[in-house]
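Notes for the one structure printed next.
The values are calculated or read from the model by the stated rules, or taken from the named source; none is laboratory data. Since this is a predicted model, take the numbers as computed values, not measurements. No Cβ is skipped: glycine too gets one built from the backbone with ideal geometry, and neighbour counts run over all protein chains shown. These accessible areas exclude ligands, DNA and RNA; they are computed on the full protein's heavy atoms, side chains included. Shrake-Rupley method; radii C 1.70, N 1.55, O 1.52, S 1.80 Å.
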Amino acid sequence: MPSPRRSVEGRPLGVSASSSSSSPGSPAHGGGSRFEFQSLLSSRATGVDPACARLRASESPVHCRGSFPQAAAGPSQAPPPPLPEEDRMDLNPSFLGIALRSLLAIDLWLSKKLGVCAGESSSWGSVRPLMKLLEISGHGIPWLVGTLYCLCRSDSWAGREVLMNLLFALLLDLLLVALIKGLVRRRRPAHNQMDMFVTLSVDKYSFPSGHATRAALMSRFILNHLVLAIPLRVLVVLWAFVLGLSRVMLGRHNVTDVAFGFFLGYMQYSIVDYCWLSPHNAPVLFLLWSQQ
């Protein structure tokens, strides 16, 4: 006898045909609805609103980053454009930059160690007056005044030619040193005392050393155009070297300032020698001085 709770087709009364024909794990059964039903039960057991739970899951950082696969994912988004070259951080400095920083650190350390006459209380403070006298011997004003005086007193064309080129060399030295100092604008060492002899506006800068350029220029000029005995020639070279060293000992300059000054003065004489003034290529200048 058939059960009164079954239909004519033999199925239970509370079950539809579609649900009986599909298996629990099949797509037609709706596996997603099964998990949603379980999450609904768990949210009700913990007292959390299921809509709020879905909202929190969608707003979580992991969900926003796309770490979990989405069922209905749209077209893949394009990756963000790369940063411009100027906005990137350079984490690998070049070898040249590291070498320059190391050289600068060594230069500052060595200059401070050699500044033994920077003040009266320094280790060699008693030698400071002698070093300042040597400083005056390499200043540009005594050399300019002496050259102009000798040029006015000279009565030979050969002497005027040498003195005219010496004046040209001194003016070229002052111009180039002032130009480079104005461009570089490197401050003098911190232990320097600004008690120098007749300073100008650019003399507050340190690179290059004008005394070192003038010492190299004058020594090379004298050795090439004056006939001197060997002891006097050695004395001229020694004067140039000691003058450059005194700039570091007095704290006026760093070591690299003096080294570049020697190089610049050496090259300045090459320019003067190449542009040598004579009565043939500059007759107006010689006629002007001959009338004095």
Please find, within the stretch 129-188, the residue that is nearest to the chain's Cα centre (by Cα) out of those that are more than 24 Å from residue 225 (Cα to Cα) and among the hydrophobic types (A, V, I, L, M, F, W, C). 184
Within the stretch 113-185, helices (runs of 4 or more DSSP H) holding 3 or more residues that are of a type outside the set (S, T, N, Q), in contact with a Cys (Cβ under 8 Å, 6 or more places away or on another chain) and open to solvent by 40 Å² or more (accessible area, probe 1.4 Å): none
Where residue 213 falls short, out of the listed (1) over 16 Å from residue 143 (Cβ atoms); (2) open to solvent by less than 20 Å² (accessible area, probe 1.4 Å): (1)
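Looking at the stretch 277-288 only, could you name the residues that are surrounded by 13 or more Cβ atoms within 10 Å (Cβ to Cβ) and out of contact with any Pro (no Cβ under 6 Å at 6 or more places or on another chain)? Spell out the reasoning first.
Quick first cut of the stretch 277-288, residues surrounded by 13 or more Cβ atoms within 10 Å (Cβ to Cβ) only: 277-279, 282, 285-286.
Correct list: 277, 278, 279, 282, 285.
Being of a type in the set (Phe, Trp, Tyr), modelled with pLDDT of 90 or more and in contact with a helix residue (DSSP H, G or I) (Cβ under 9 Å, 6 or more places away or on another chain) is the filter here, so list the residues in the stretch 147-190 that pass it. Spell out how you get there, then give the answer.
Looking only at the stretch 147-190, we keep the residues that are of a type in the set (Phe, Trp, Tyr), and these are 149, 157, 168.
Next cut, modelled with pLDDT of 90 or more only: 149, 168.
168 - this is the single residue of the stretch 147-190 that is of a type in the set (Phe, Trp, Tyr), modelled with pLDDT of 90 or more and in contact with a helix residue (DSSP H, G or I) (Cβ under 9 Å, 6 or more places away or on another chain).
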Go through the stretch 103-112 and give me each residue that's in contact (Cβ under 8 Å) with a residue 60 or more places away in the chain and open to solvent by less than 70 Å² (accessible area, probe 1.4 Å). 107, 110, 111
